[in-house]
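Quick notes on the structure that follows.
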Amino acid sequence: QVQLLESGGGLVQPGGSLRLSCAASGSIFYSMHWYRQAPGKGRELVASIGYSSSTDYADSVKGRFTISRDNAKNTMYLQMNSLKPEDTAVYYCNALDYHSRTHWGQGTQVTVSS
């Protein structure tokens, strides 16, 4: 059974940093992604990483967020720096396996506020 478990969310002041983790089990994943959903808005793709660690970012987070993965631990990370109030959202881990099935974590809340 595939499980994706996010951790690392919390409350941080503007300009601060957080590091999210997504611990995966039950499969090897072709690509992994971070999405976020702010109150009253749709789910937004934030960053993606392939198995060989190729990366892509939404324009809104380029230069501030860094996605990475440790294949030996089957874990993905999102280092978030220079956080802004508009980064406040529930952040979700998403993964695509080699059978083209997509999987979601339960989400972790990130709140950026003074």
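Odds and ends about this structure:
- What a 1.4 Å probe finds exposed on the chain is 48% carbon and sulfur by accessible area, rounded to a whole percent.
- Residue-wise HN-Hα couplings along the range 101-111, as the Karplus relation 6.51 cos²θ - 1.76 cosθ + 1.60 with θ = phi - 60° gives them from phi, are 9, 9, 10, 10, x, 8, x, 9, 7, 10, 10 Hz; Gly and Pro carry x.
- What the Kirkwood sum gives for the range 1-58 is a hydrodynamic radius of 13.3 Å, with every pair of different alpha carbons counted.
- In this simple spin-label model, placing a label point 7 Å from the Cα along the Cα-to-Cβ direction at both Thr55 and Gln37 gives a separation of 2.6 nm.
- Considering only alpha-carbon pairs that sit under 8 angstrom and 6 or more positions apart, the relative contact order computed for the chain is 37 percent.
- Rolling a 1.4 angstrom probe over the protein heavy atoms with all chains in place gives the chain an accessible area of 53 Å² per residue.
- The range 61-84 residues near the modelled Glu44 label - backbone nitrogen below 12 Å, point 7 Å along Cα→Cβ: 61-62, 84
- The phi torsions of the range 24-36, fed into the Karplus equation with coefficients 6.51, -1.76 and 1.60 and a -60° offset, translate into couplings of 10, 8, x, 6, 9, 10, 5, 9, 9, 8, 10, 10, 9 Hz, rounded to whole numbers, with Gly and Pro shown as x.
- Distribution of pairwise C-alpha distances over the chain, 10 Å bins, in %: 15, 50, 29, 6, 0
- Taking amide hydrogens as placed 1.01 Å from N in the peptide plane, the amide H of Gly107 sits under 5 Å from those of Glu6, Cys93, each at least 5 positions away in sequence or on another chain.
The values are calculated or read from the model by the stated rules, or taken from the named source; none is laboratory data. Treat the numbers as computed from the prediction; the structure is a model and nothing was measured. Ideal geometry is used to build each Cβ from the backbone, glycine not excepted, and the neighbour counts take in all protein chains shown. Side chains included, ligands, DNA and RNA excluded: accessible areas come from the protein's heavy atoms. Shrake-Rupley method; radii C 1.70, N 1.55, O 1.52, S 1.80 Å.
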